[in-house]
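**Student:** One structure is given below, represented as structure tokens, and several questions about it will come after.
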Amino acid sequence: LLRRGVRHAYHHTTWYGQRLDERGLGPDDIRGPEDLVKLPLLEKNDARGSIEARTSSAPPFAVVTKITSGSTGQPMVVSYNAESRHWRDATRWRGYGWAGYRPGLKAFHYWGFGQPIKDRKTRWKIDLDRKLNRNLYVDCTGRSDEHLAGVVETFARYQPDILVSYSQAGAQLARYVTRSGRRRWGRIPTILGAERLYDHDRAAIEAAFGPAFETYGSREFMLTGAECEAHDGLHQAMETQIVEIIVRNPDGSTRAARPGESGEVVVTDLHNLAVPHLRYVNSDLAVQRAPSRCACGRGLDRIGPIDGRVLETLRDAQGEPVGGTMFAVLFLYLVDHALQYQVAQGADDRLTVRVVPIAGGLPPAAHQFIHTFSAKYLPGLPVTVEELADIPTGPGGKRRLVLVEPKA
């Protein structure tokens, strides 16, 4: 499949034809995954600007076109052919099946909504498809107690067999259920995606609903990895993608991440011949794992945990990178006082910790802990704590927990 994809991209797209020629490569020089390092990385900005040049001049042509949610600030058009679509559906159902989701079960999707569909025929087809497949979609964009109370009522009336949710939205809903004592259902498996699933969020979801299963994917490729019942990393969709975890060296070169090391996720799509993605850098970070067989017995390679986004890397006072996901630990100490939080670093390096208190404002001890925590991991940086009524979600209902503005 890899050789087929490289051959097709070389002969039928100007982008990859030129890139291989520039390196003195022909399609037959890529024989297996170990040869992928010979190909250039496809950075996100290059991907956005090269869609036409990467679109195949020969069949199979695209039959599906979507737009990513733009959670990094810049949406991108994604198109793929029918074969790719069928593989995406198959791997999604397999991954969801590990959580117990089977076609025909009643599913409650607590998900983000994109642009409203104005075409009545298209809207009718979508509504009919959801009804026939017993899927109920509820917008997770609002996170106020009033909104969450309405979601809980709808959830209880629908009595779903499975919950599919954005990770952060599901965690906040779960905390509201526990805090308000409104659980009126039994054990319901929960499939989480679109955002990182932290350990404390997993615990909250399992207390309010049932076992939590993390998934990892994107509009570009759909499901890249999914957690099985062993909950030990995410099994890769190896039939549809080749996943690399890379680390950039100071001289600009790259290398494969070592086991246990975090690096950038690079994906090669094996079935999208309409608009090929070879070595696409998707701006996510994940932990490399040593090859080993999962306790579940499946032979698929695993990655994870997913370690956030490249854009979530903070800077210390010396300009050295510090993983912003460490602030998830901070929330463990604020969970009794805060509904939401967000950490932002400006171009001047100043940190702003935004918090939505549960009631009556943050106690002085919580303020002090935020400053102490920040000083420990990012010494020398000024810190401001803001108490807000709400922290707006971004595109598609996602809320980025760490925002970093590039230095001027």
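**Student:** Go through the range 358-372 and give me each residue that's touching a helix residue (DSSP H, G or I) at 6+ places or on another chain (Cβ under 8 Å) and of a type in the set (G, A, S).
**Tutor:** A366
Yes or no, residue by residue, for (1) in a loop (DSSP other than H, G, I, E, B); (2) within 25 Å of G308 (Cβ to Cβ):
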{"position": "V177", "(1), (2)": "no, no"}
{"position": "R187", "(1), (2)": "yes, no"}
{"position": "G210", "(1), (2)": "yes, no"}
{"position": "F213", "(1), (2)": "no, yes"}
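**Student:** If I ask for residues that are surrounded by fewer than 17 Cβ atoms within 10 Å (Cβ to Cβ) and of a type in the set (S, T, Y), which ones from the range 157-216 would you list?
**Tutor:** Y158, T178, S180
**Student:** Here is a check on your reading of the model: is A338 at pLDDT 90 or above and surrounded by 16 or more Cβ atoms within 10 Å (Cβ to Cβ)?
**Tutor:** Spelling it out, it is not the case that A338 is at pLDDT 90 or above and surrounded by 16 or more Cβ atoms within 10 Å (Cβ to Cβ).
**Student:** Let me ask something else. Would it be correct to say that E239 is open to solvent by 10 Å² or more (accessible area, probe 1.4 Å), at pLDDT 95 or above and among the acidic types (D, E)?
**Tutor:** Yes: the conditions hold for E239.
**Student:** Please determine, by comparing only the residues of the range 270-320 that are under 19 Å from the mean Cα position of the chain (by Cα) and of a type in the set (G, A, S), which one is surrounded by the fewest Cβ atoms within 10 Å (Cβ to Cβ).
**Tutor:** The extreme case among them is S283.
**Student:** Restricting to the range 349-370, what's the tally of residues that are in contact (Cβ under 8 Å) with a residue 12 or more places away in the chain and either under 16 Å from D316 (Cβ atoms) or not in a helix (DSSP H, G or I) (or both)?
**Tutor:** The number of residues fulfilling the criteria is 13.
**Student:** Determine whether V356 is aliphatic (A, V, I, L, M) and open to solvent by less than 30 Å² (accessible area, probe 1.4 Å).
**Tutor:** yes
**Student:** Scan the range 128-166 residue by residue and report those that are at pLDDT 90 or above and of a type in the set (S, T, N, Q).
**Tutor:** Answer for the range 128-166, where residues must be at pLDDT 90 or above and of a type in the set (S, T, N, Q): N133, N135, T154, Q159, S165.
**Student:** Could we say that R143 is charged (D, E, K, R) and touching a residue at least 12 places away in the same chain (Cβ under 8 Å) here?
**Tutor:** Spelling it out, R143 is indeed charged (D, E, K, R) and touching a residue at least 12 places away in the same chain (Cβ under 8 Å).
**Student:** Separate question: Restricting attention to the range 391-408, and to residues there that are at pLDDT 75 or above and loosely packed, with under 12 Cβ neighbours inside 10 Å, which single residue is farthest from S283 (Cα to Cα)?
**Tutor:** Once the filter is applied, the top-ranked residue is P392.
**Student:** Return a yes/no flag: does the range 107-125 have any residue that is touching a residue at least 12 places away in the same chain (Cβ under 8 Å) and of a type in the set (D, E, K, R).
**Tutor:** Scanning the range 107-125, I find no residue that is touching a residue at least 12 places away in the same chain (Cβ under 8 Å) and of a type in the set (D, E, K, R), so the answer is no.
**Student:** Can you tell me which residues in the range 1-41 are open to solvent by less than 70 Å² (accessible area, probe 1.4 Å), among the hydrophobic types (A, V, I, L, M, F, W, C) and not in a helix (DSSP H, G or I)?
**Tutor:** Passing the criteria: L25, I30, L39, L41.
**Student:** Something else now. For the range 80-127, how many residues are open to solvent by 30 Å² or more (accessible area, probe 1.4 Å), farther than 28 Å from Q172 by Cβ and under 23 Å from the mean Cα position of the chain (by Cα)?
**Tutor:** 6
**Student:** If a residue counts only when it is touching a Pro at 6+ places or on another chain (Cβ under 8 Å), which strands (runs of 3 or more DSSP E) contained entirely in the range 96-168 have at least 2 such residues?
**Tutor:** In the range 96-168, 107-111, 162-166 are the strands (runs of 3 or more DSSP E) which contain 2 or more residues that are touching a Pro at 6+ places or on another chain (Cβ under 8 Å).
**Student:** Follow-up question, since we're still on this one. From E244, E264, E220, grab the single residue that is in a loop (DSSP other than H, G, I, E, B), closer than 14 Å to Y280 by Cα and open to solvent by less than 50 Å² (accessible area, probe 1.4 Å).
**Tutor:** Selected residue: E220, the only one of E244, E264, E220 that is in a loop (DSSP other than H, G, I, E, B), closer than 14 Å to Y280 by Cα and open to solvent by less than 50 Å² (accessible area, probe 1.4 Å).
**Student:** Follow-up question, since we're still on this one. How many of the residues in the range 171-197 are touching a Pro at 6+ places or on another chain (Cβ under 9 Å) and hydroxyl-bearing (S, T, Y)?
**Tutor:** Going through the range 171-197 one residue at a time, the tally reaches 1.
The values are calculated or read from the model by the stated rules, or taken from the named source; none is laboratory data. Please read these numbers as outputs of a predicted model, since none were measured by experiment. So basically every Cβ, Gly included, is an ideal-geometry build from the backbone, and we count neighbours across all protein chains shown. These accessible areas exclude ligands, DNA and RNA; they are computed on the full protein's heavy atoms, side chains included. Shrake-Rupley method; radii C 1.70, N 1.55, O 1.52, S 1.80 Å.
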